[in-house]
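Colleague: Have a look at the structure that comes next, please.
The values are calculated or read from the model by the stated rules, or taken from the named source; none is laboratory data. Quick caveat: nothing in here was measured; it's all calculated off a predicted structure. A quick note on method: Cβ atoms are made from the backbone with ideal geometry, for glycine too, and the neighbour counts reach across all protein chains shown. Protein only, heavy atoms only, side chains kept; ligands, DNA and RNA dropped before computing areas. Shrake-Rupley method; radii C 1.70, N 1.55, O 1.52, S 1.80 Å.
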Amino acid sequence: MDTANESQQQHERTEQVPLVNLQTSDINENDVLCGRAAEVINNSGNRRFRALTRYFRSIYANSSKRDDKNKISCAIVDAVRTASPPGRFLKKHATKDIWYDIGDRKAREKTSQTIRDIYDKDKQKKQKIIHAQRTASQNQDASASCSTDYVDDLSVSSKAVGTTVDPST
């Protein structure tokens, strides 16, 4: 059996596992927490997860086939799940102070969305840098032409009046 089929079977098995309620103290350093709170963002598992998604970002973005993108997401989920200790994708219950594993399908969705978000943020940063460079260049060109125009106007005006004006003073 090839590794792609083994990986797919492993995902199917994980999807069928009943939800296990975990206390906050049961979370390990490889667990990826879903949400937007500071505890989620600063979690060591989430930092590792973001590093993995950044690593695969350009490959994912350059993939034109949906199947290829899915394989990349699966590889990242597998990397988290097979870490030592094994990582899980956990979400906090809405009303209770417990965490539960969201399963591989939602983990792949989260992974794909994270890669797209990182790609979009990087793209926005590049666009801001390019815009700032263009603006700076335009401002520099405008100030250079403005000062040259001023000097030219000053020379023309001084000749008209019959005086000589040194523009450097």
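Colleague: Any residue in the stretch 115-138 that is of a type in the set (A, V, I, L, M, F, W, C) sitting within a Cβ distance under 7 Å of a residue that is surrounded by 10 or more Cβ atoms within 10 Å (Cβ to Cβ)? List the pairs, counting only those 6 or more apart or interchain.
Modeller: Here the result reads I115/T53; I115/F56; I115/R57; I115/Y60; I118/T53; I118/R54; I118/R57, each pair linking the stretch 115-138 to a residue that is surrounded by 10 or more Cβ atoms within 10 Å (Cβ to Cβ).
Colleague: Test of understanding: among D97, D104, D78, which residue is closer than 28 Å to S25 by Cα, touching an Asp or Glu at 6+ places or on another chain (Cβ under 6 Å) and either surrounded by fewer than 17 Cβ atoms within 10 Å (Cβ to Cβ) or of a type in the set (D, E) (or both)?
Modeller: After applying the criteria, what remains is D104.
Colleague: If you take the residues in the stretch 59-75 that are open to solvent by 60 Å² or more (accessible area, probe 1.4 Å) and not in a helix (DSSP H, G or I), which one is nearest to R105 (Cα to Cα)?
Modeller: So the residue we want is K65.
Colleague: Turning to a different aspect of this structure: Across the stretch 63-91, what is the number of residues that are more than 30 Å from N21 (Cα to Cα) and within 15 Å of the chain's Cα centre (by Cα)?
Modeller: Number of matching residues: 0.
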